[in-house]
């Protein structure tokens, strides 16, 4: 396999990690009655979901929940500041599983709003 092919296969976004994220989200503690989507984003994955609380979108439309990017050996998690329309850094993790554990619990409702 050529070096460029192996780099592409391990790059982000990719289907293997996207599926890992989708499976992990089934264990979330918030928004249990909606089906979130994991979509490719620059350098990673964006999680979006219908807004069942209607705190962000009164019509219950699809909102951004989190942005996950892999950079320099770390998984970086961002939350959406819906009022400003910007992504705010939340943390960096050595393992994707640790990031997903935090996202699924979301005790302070910073992601699943």
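Computed from the coordinates by the stated procedures, all read-outs in this text should not be read as laboratory data. Since the model is a prediction, treat every value here as computed from it, not as a measurement. Counting neighbours? That spans all protein chains shown, and the Cβs are built from the backbone with ideal geometry, glycine included.
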Item to check | the chain, helix-only ellipticity at 222 nm - DSSP H runs n ≥ 4, -39,500 (n - 2.57), divided by all residues, nearest 500 | outcome: -7000 deg cm²/dmol
Checklist entry - What is the order of 64, 101, 17, fewest Cβ neighbours within 10 Å to most? => result 101, 17, 64
Checklist outcome for this item: With 0.36 nm assigned to each residue of separation and the Cα-Cα distance removed, residue 88 to residue 104 gains 4.0 nm
Item to check | Top of 59, 22, 88 by mean-square fluctuation, Gaussian network on the chain, Cα under 10 Å | outcome: 59
Checklist entry - Where does the chain land on Rg/Rh, using Cα atoms and the Kirkwood Rh? => result 0.99
Checklist outcome for this item: In degrees rounded to 10, the 0-90 angle between helix 15-24 Cα long axis and the longest Cα principal axis of the chain is 40
Item to check | Label-to-label distance, nm, for residues given as residue 19 and residue 52 (7 Å Cα→Cβ offset) | outcome: 2.6
Item to check | Using alpha-carbon coordinates, inclination of helix 96-105 to the longest axis of the chain, degrees | outcome: 0
Checklist entry - Anyone know which of 20, 76, 58 comes out most mobile in the 10 Å Cα GNM of the chain? => result 58
